[in-house]
Amino acid sequence: MALTVAGSDPTGGAGLQADLRTFKAMGVHGLSVPSVLTAQNTKGVSGIQEIPSEFFTEQLDTLLEDVRPDALKTGMLYSPEIVSIIAEKMRVYSLRNLVIDPVTVSSTGVLLVQEGTLDAIKNVLFPYARVITPNIYEASVLTGLRVEDENGMKEAALKLRDHGVETVIITGGHMEKKALDLFFDGEDFLFLENDKLEAEFHGTGCVFSSVITACLALDCDPREAFAKAKNFVWNAMKSGVSAGTGMKILNF
Ligand code: PXL
């Protein structure tokens, strides 16, 4: 069983709905706790409504008192308060196999976090993480480095791992020309590359981190999970569909 703590995306292309679809495709039962709701379509996000923190806490406590996930992931968290609550529950329920996708902006450029949220994720939640999956933009914001090429990715991975994270995966799908992802577990740097696909896609980061979470729930190691996720997302992008008139969503 895998748990996603993430934002709702009504299109199903990203967020909690995409995470649950991915868990299902990986053969893992999906648990879910929404942290925030969005109003959006394939063209963009028009509104954000946070879940009140008391009710967010109640959702987590009620679930976790009874059900134990084998792995969990976080997606859009929105506020520093929500981040602290998750860190506390990691401790109280001795949860393991946490994957953090430090969601910052939507594919259309809308800011998906309140001020201070990314710092809270870095300082309060990273120490509990088995795997983190920032893209190059998020890696830049988190480290203060300009992450634009292979060397920048390596430097950022080293710096990010210092926050107590076991494995850092930086996704480079937003780089020019190639889609290059970096895995770093403190010992080996491992790059995986694919050709870049032309269309604009929504939800690639969510699906990527969900495959990793499902793999960890199934007892794979992070390196195996990385290769699986890269392949899964590539295939799902190649058969991507247009649900509306905006960005394509992954199909799997
Ligand atoms: O892709 C990042 C993301 C994550 N979670 C939610 C989103 C988005 C992008 O729009 O809406 C809920």
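Observations
- In the chain, helices alone account for a calculated mean residue ellipticity at 222 nm of -11000 deg cm²/dmol, with every DSSP H run of four or more residues adding -39,500 (n - 2.57).
- Along the axis of the charge dipole computed for segment 2-249 (Cβ charges of +1 for Lys and Arg, -1 for Asp and Glu, origin at the Cα centre), the listed residues Met26, Val45, Phe184 are led at the positive end by Met26.
- Listed cross-link partners Lys89/Lys196; Lys177/Lys230; Lys73/Lys196; Lys159/Lys248 are compared with a 28 Å cut-off, the Cα-Cα value being larger for Lys89/Lys196; Lys159/Lys248.
- Most mobile of Gly75, Gly13, Gly30 in a GNM of the chain (Cα contacts under 10 Å): Gly30
- Residue among Met247, Ser107, Gly7 farthest towards the positive dipole end of the chain, charges placed on Cβ: Met247
- Over segment 1-122, relative contact order from alpha-carbon pairs under 8 Å, at least 6 apart, %: 26
- Size of charge dipole - the chain - debye, nearest 20, with Cβ of Lys, Arg +1 and Asp, Glu -1, no other charges: 540
- Summary value for segment 2-249: 19 percent relative contact order, contacts being C-alpha pairs under 8 angstrom separated by 6+ residues.
- Residue with peak Gaussian network fluctuation, the chain [Cα springs, cutoff 10 Å], from Tyr78, Tyr93, Tyr128: Tyr93
- For segment 174-252, applying the loop criterion from DSSP together with a ceiling of 10 other beta carbons within 10 Å to the GluC sites (Glu not before Pro) yields Glu176, Glu187, Glu198.
- Seen through its C-alpha gyration tensor, with square-root eigenvalues sorted a ≥ b ≥ c, segment 139-241 comes out oblate because a/c lies at 1.5 or above while a/b is not bigger than b/c.
- At most 10 other Cβ within 10 Å, DSSP loop - GluC sites (Glu not before Pro), segment 84-140: Glu115
Any read-out appearing in this document is the output of simple, stated calculations on the displayed coordinates, not a laboratory observation. These numbers come from a predicted model, not from an experiment. Counting neighbours? That spans all protein chains shown, and the Cβs are built from the backbone with ideal geometry, glycine included.
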